[in-house]
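Participant: Let me begin by handing over the structure; questions about it come next.
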Amino acid sequence: MKKLQEKLQEAKKMIESRCAVSKGAVALTLGSGLGNFAERVENPIVIDTKEIPHFPTPSVAGHHGELIFGTVKSKPIVLLKGRVHLYEGRDADEVTFYVRLLHLLGVKSLILTNAAGGVNPLFEAGDLCLIVDVINLMFVPNPDLPMLQAAHEPLFDKGLQQVAKECARKCGIHFKEGVYAGVLGPSYETRAEIRMLQTLRADLVGMSTVLEATTAKRLCMKVLGISLVTNKAAGLSDDILSHDDVQRVAQRAQKEFSTLIEEIVSRL
Ligand code: HPA
């Protein structure tokens, strides 16, 4: 079996045969339902991730992965649409493959976005939230974690967080702040689990982001995390949660989300 480093080199070679990647480009991972941001990319070069050797592609029917290279407000950017999740049966190396690849391509900053449930009772569907820290409840081996703990450094970059907050203020967007609990999924939580997450002082719950952020930080990239609250977590509203509702709220919040991200990218 090929080693991870070999696989990464083959993937890198393929991408470099298709486009020139600007050193220092910002990367942006688009969360569930937030794919429309891709329309804002100027002069896009779109690569279907199925064409990239060893690149894990989503197994959910109708979803496909794309890496999009281009500029936003004249800043070089790489977008990932269609990340893979642990609940699809992928392991930590597969979930973080793209982060390592972007690092090899010279990316220095990574903006991770996701759809999340609001565990904090004050959070409403449609809120945008800066992720200040994470609680890893994914229970998978993650070799990048011990090194990080030894460094005593925050996972998310303070400078990028400051920029994000200023941009939100400028755009008139009410921006919450919270701790993101990463769970395995794929089912949404029980009421008891949400009470547990509240006891742990989590504000958000979702099924992505934690491993990607950890790996990026380990590779000395600057990381920013932003959640779109697509629903109140189980038990905090009378509604029964469905993937369709999550998608619908994301659709409605797309414009505000895109405005904020565009402003952040323009300032980097
Ligand atoms: N729980 C977990 N993941 C999610 C949720 C949720 O309520 N909403 C969107 N992603």
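Participant: Compute the signed sum of charges (Lys and Arg +1, Asp and Glu -1) over the other residues within less than 15 Å, Cβ to Cβ, of VAL46.
Facilitator: Within the 15 Å Cβ shell, the charges total -1.
Participant: Helix-derived [θ] at 222 nm for the chain: sum -39500 (n - 2.57) over DSSP H runs of at least 4, divide by residue count, nearest 500? Can you show the working numbers first?
Facilitator: Details: 8 runs with 90 residues, N = 268.
The per-residue figure over the chain is -10000 deg cm²/dmol.
Participant: When the accessible area of region 85-130 is computed with all protein chains present and a 1.4 Å probe, what percentage of it is carbon and sulfur?
Facilitator: Details: 680 of 1350 Å².
Roughly 51 percent of what the probe reaches on region 85-130 is carbon or sulfur.
Participant: Right, something else. Among VAL140, LEU200, VAL99, flag the residue with its Cα farthest along the positive direction of the charge dipole of region 4-267, charges on Cβ as +1 for Lys/Arg and -1 for Asp/Glu.
Facilitator: Sorting the options by dipole projection puts first VAL99.
Participant: Right, next: Per residue, how much accessible area does region 4-267 show when a 1.4 Å probe rolls over the protein heavy atoms, in square angstrom? Show your work: numbers first, answer last.
Facilitator: Details: 11830 Å² over 264 residues.
Per residue, region 4-267 has an accessible area of 45 Å².
Participant: Under unit Cβ charges (Lys, Arg +1; Asp, Glu -1), what dipole magnitude, rounded to 20 debye, does region 4-267 have relative to its Cα centre? Don't jump to the answer; show the numbers that get you there.
Facilitator: On the way: 30 positive and 31 negative charges, 155 e Å.
Its charge dipole is roughly 740 debye.
Participant: Which whole-Hz couplings ³J(HN,Hα) result when phi for each residue of region 23-39 is put into the Karplus expression 6.51 cos²θ - 1.76 cosθ + 1.60, θ = phi - 60°, listed in order with x for Gly and Pro?
Facilitator: Coupling constants for region 23-39: 4, x, 4, 8, 10, 9, 9, 8, x, 3, x, 9, x, 4, 4, 4, 5 Hz.
Participant: Separate question: Multiplying the sequence separation of SER266 and LEU184 by 0.36 nm and subtracting their Cα-Cα distance, what value in nm do you get? Mind dumping the intermediate values first?
Facilitator: Numbers: separation 82, 0.36 × 82 = 29.52 nm, distance 3.37 nm.
Taking SER266 through LEU184 to full extension adds about 26.2 nm, to one decimal.
Participant: Continuing with the same structure: For region 155-234 and region 75-100, write down the distance between their C-alpha centroids in whole Å.
Facilitator: 17
Participant: If Rh is defined by the Kirkwood formula over all Cα pairs and Rg also comes from Cα, what ratio Rg/Rh do you get for region 171-268?
Facilitator: Working: Rg = 15.0 Å, Rh = 15.3 Å.
Expressed as Rg/Rh, it is 0.98.
Participant: What longest range of the chain stays clear of loop-exposed trypsin sites (Lys or Arg not before Pro) (DSSP non-H/G/I/E/B, at most 15 other C-beta within 10 angstrom)?
Facilitator: On the way: sites that count: LYS2, LYS3, LYS23, LYS73, ARG201.
Here the longest run is 74-200.
The values are calculated or read from the model by the stated rules, or taken from the named source; none is laboratory data. Being a predicted model, the structure only gives us computed values, none of them experimental. Positions of Cβ are generated from backbone atoms using ideal geometry, with glycine treated the same way; all protein chains shown enter the neighbour counts. These accessible areas exclude ligands, DNA and RNA; they are computed on the full protein's heavy atoms, side chains included. Shrake-Rupley method; radii C 1.70, N 1.55, O 1.52, S 1.80 Å.
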